[in-house]
Amino acid sequence: MRLLLMGPPGAGKGTQSAALAARYGIPAIATGDIFRSQVAERTPLGVTAQGYMDRGEYVPDEVTNAMVAVRLGAADCASGFLLDGYPRTAEQVVELDAMLAASGASLDAVVVLAVDTEELVERLVRRAGLEGRTDDTEPVIRRRQEVYAEQTAPLVALYAARGLVREVDGTGTVVDIAARIDAALGAQSTIEASVS
């Protein structure tokens, strides 16, 4: 299965992606994790990415596209994958379409986690306090929500026009949300074992 997991920052994509990938036996590919590891290692890419992330902006497409292309070419992606955090712009959709077409593949579904903006801000402020994340100040969090609304939310309409979108309520317990995702994908639920 080839899936995209979409939703605004703080919607729970990271929490759901690992369990979802485990349930379907596919790798979870999160661009945010790749960027954070590069930042922690202080690589040239990490230093560049840090500036964008600290301002709540997206890392430039050419950097992101190259990383995703390499990752999707890996052997463990041959039978499927779950993308979390990519594509984020219309240009990245075009790039992903080209990557998939080159391998004769296509997307099976786009799962969109829907959560109220104020709840998202509260979640991220709370997480920042618990984890000491410098990129999660309230002004940056609000800017990230604006950037998502401007650049990424329109992609939902694009994928909906292709009949791929499965919108899921992203509020409630991890188990409840996971069950909604499986139901949206028409899958038998094996949630308890995979998220506990």
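The values are calculated or read from the model by the stated rules, or taken from the named source; none is laboratory data. Note that the coordinates shown come from a computational prediction; the quantities given were computed from them, not determined experimentally. Neighbour counts run over all protein chains shown; Cβ positions are idealised from the backbone, glycine included. SASA here: full protein model, heavy atoms, side chains in, ligands and nucleic acids out. Shrake-Rupley method; radii C 1.70, N 1.55, O 1.52, S 1.80 Å.
Among A98, G80, L45, flag the residue with its Cα farthest along the positive direction of the charge dipole of the range 2-183, charges on Cβ as +1 for Lys/Arg and -1 for Asp/Glu.
Going by the charge dipole, the pick is G80.
From the residues G56, Y24, V165, which one has its Cα farthest along the dipole of the chain in the positive direction, the dipole being from +1 and -1 charges on Cβ of Lys/Arg and Asp/Glu about the Cα centre?
Y24
Not counting ligands, DNA or RNA, and with a 1.4 Å probe, what is V125's accessible surface area in Å² rounded to the nearest 10?
V125 has an accessible surface of roughly 60 Å² with all protein chains in place.
Not counting ligands, DNA or RNA, and with a 1.4 Å probe, what is D108's accessible surface area in Å² rounded to the nearest 10?
My reading of the accessible area for D108 is about 70 Å².
Measure out, as a whole number of angstrom, how far apart the alpha-carbon centroids of the range 34-52 and the range 110-180 sit.
About 22 Å separates the Cα centre of the range 34-52 from the one of the range 110-180.
Along its three principal axes, how long is the chain when you only count alpha carbons? Whole Å, largest extent first please.
Reported extents, whole Å, longest axis first: 39, 38, 31.
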